[in-house]
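Shown next, in structure tokens, is the structure this report addresses.
FYI, it's all coordinate maths here, none of it is from the lab. Note that this is a predicted model, so its numbers are computed, not measured. Here Cβ is always computed from backbone atoms with ideal geometry, including for glycine, and neighbour counts include all displayed protein chains.
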């Protein structure tokens, strides 16, 4: 297998914010970088994010997601990053071997360093009727309205009031749909209150201590039953409300898409806060397999802004280990990024993630 | 039925590719070059993409980014095509898939 393989230096799997940032950083240092993405355009989920980002200016705050996507694609192009689109990485083996499929043909690549930046997938939520057409991920609805410009439904029940639930609800309104209600099983709103306030001002109720009981319909969602829950999250009898709706959006968290890391034999750590099993990694974003790095949601579900910083860390660390930049220079660069990451991991949600990341570095 | 978002307060007017025709269970549907099959079908108000093999339950779009395989259909006689990441082509024949589908030609 090794004999017929195509030789590469740095291979990045996944062209979202983490992968693109890692590819750019590694290319800046002088490495030959190949970025692989299974879609017909890189950028990951940035192009469906039409809202302005939070944070400070070095985190690209105030810029809309799709503009960040465009910027990153341009930078990668200017740095001559080789981009393989419509290409699936189906396997990862010993000694840096990767199995890829493009144009219905299988090929084997061999890389000196690999960055896995495959992101995350939306969690489902099971309740009677959850498999009916018209129940989908909130991110799926976001893709439909903002990328494909098609409404997958007009009367919507949003399940979950984290930032995804709140932001996608607002964007569904912008696309011309009606959001009947946001239900949140916890007694408090999950996301930033500034997003919640914005959507409440548009007349959308955010019902805390509420859940979805079922979706009804013959071939697709026609009605949705919601109910209030008690302190133990048990539905309270008599509090049920039946709503005429044609779309249920699930915004109940994401899980790292770490199949390639499992296949490679990385050591893992279970973290509820970071979305499930995450590959163990150190501050260089290096996994338990020395030539394999991770960045972004696959290394723990956070946000696009943290994903970009982690991608940069991995890009610097990979090129440092290949001898493109001195340890001293790398250390300086990495310190700046670590400080920015720390700034992003503050506040009630960030602090928890920061502690969890510290725990992972320690176990590693 | 037209579920397209033609005007948008942030994104502006929709920029469509060339208009073309695809066929859903034999019926012509208008689509735009550059969009996935699932988008054209959703724009026409179609929600049921397939029926499961065991319980014959309807399924439609779930993740919209090629991960979950809930939206697979039979396209030009080939079953289990992920319609949310497969772009439309002029004259494409798309059928509601029953179970795992059937291959028209022996492979």
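Data overview
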{"read-out": "Pairwise FRET efficiency - residue A:74 versus residue A:112, Cβ, R0 = 25 Å, nearest 0.05", "value": "0.45"}
{"read-out": "Sequence-separation-based contact order of chain A, relative, with Cα cut under 8 Å and 6+ spacing, percent", "value": "19"}
{"read-out": "Rounded D (µm²/s) - the range B:37-107, Kirkwood Rh over Cα pairs, Stokes-Einstein at 25 °C, 0.890 mPa s", "value": "202"}
{"read-out": "Separation of alpha-carbon centers, the range A:320-351 and the range A:21-56, rounded to whole Å", "value": "18"}
{"read-out": "Three-way shape label, the range B:32-72, alpha-carbon gyration tensor, a/c 1.5", "value": "oblate"}
{"read-out": "Highest average packing first - A:181-187, B:88-94, A:327-333, Cβ atoms within 10 Å", "value": "A:181-187, B:88-94, A:327-333"}
{"read-out": "Length-normalised contact order of the range A:124-250 in % [C-alpha pairs under 8 Å, at least 6 apart]", "value": "32"}
{"read-out": "Separation between Cα centres of the range B:3-65 and the range A:203-224, rounded to whole Å", "value": "23"}
{"read-out": "Peptide B:4-10, shielding by other chains (average Cβ, 10 Å cutoff)", "value": "6"}
{"read-out": "Percent antiparallel among DSSP beta bridges (both partners in the range A:124-250, rounded to 5)", "value": "40"}
{"read-out": "Highest-first arrangement of A:301-312, A:150-161, A:238-249, where packing means the average Cβ count within 10 Å", "value": "A:301-312, A:150-161, A:238-249"}
{"read-out": "The range B:19-98 - percent relative contact order, Cα under 8 Å, separation 6 or more", "value": "38"}
{"read-out": "Inter-label distance for residue A:335 and residue A:154, nm, one decimal - labels placed 7 Å from Cα along Cα-to-Cβ", "value": "6.0"}
{"read-out": "Mean-position separation - Cα centroids, the range A:154-199 and the range A:57-91, in angstrom", "value": "28"}
{"read-out": "Compactness of the range A:198-311, expressed as Rg and Dmax over alpha-carbon positions, Å", "value": "20.1, 58"}
{"read-out": "Percent of beta bridges antiparallel (DSSP, the protein assembly as shown, rounded to nearest 5)", "value": "55"}
{"read-out": "Tilt relative to chain A, helix A:347-363 - C-alpha long axis, 0 to 90 degrees, to 10", "value": "40"}
{"read-out": "Helix A:327-344 axis, angle to chain A major axis (alpha carbon atoms, nearest 10°)", "value": "10"}
{"read-out": "Cα→Cβ-extended label distance, 7 Å offset, between residue A:63 and residue A:233, nm", "value": "3.8"}
{"read-out": "Label-point separation in nm, residue B:27 to residue A:242, each point 7 Å along Cα→Cβ", "value": "2.8"}
{"read-out": "Cα gyration tensor, the range A:24-141 - rounded (a/c under 1.5), prolate or oblate", "value": "oblate"}
{"read-out": "Rg to Rh quotient for the range A:18-69, alpha carbon positions, Kirkwood Rh", "value": "1.03"}
{"read-out": "Scattering curve values for the protein assembly as shown, log₁₀ I(q)/I(0), Debye with Cα scatterers, q = 0.07, 0.08, 0.11, 0.13 Å⁻¹", "value": "-0.37, -0.49, -0.93, -1.27"}
{"read-out": "Computed E for residue A:270/residue A:94 - FRET, C-beta separation, R0 25 angstrom, nearest 0.05", "value": "0.50"}
{"read-out": "0 to 90° range, to nearest 10: angle between helix A:17-28 axis and chain A longest Cα axis", "value": "20"}
{"read-out": "Gyration tensor (alpha-carbon) shape descriptor, the range A:124-250, a/c threshold 1.5", "value": "oblate"}
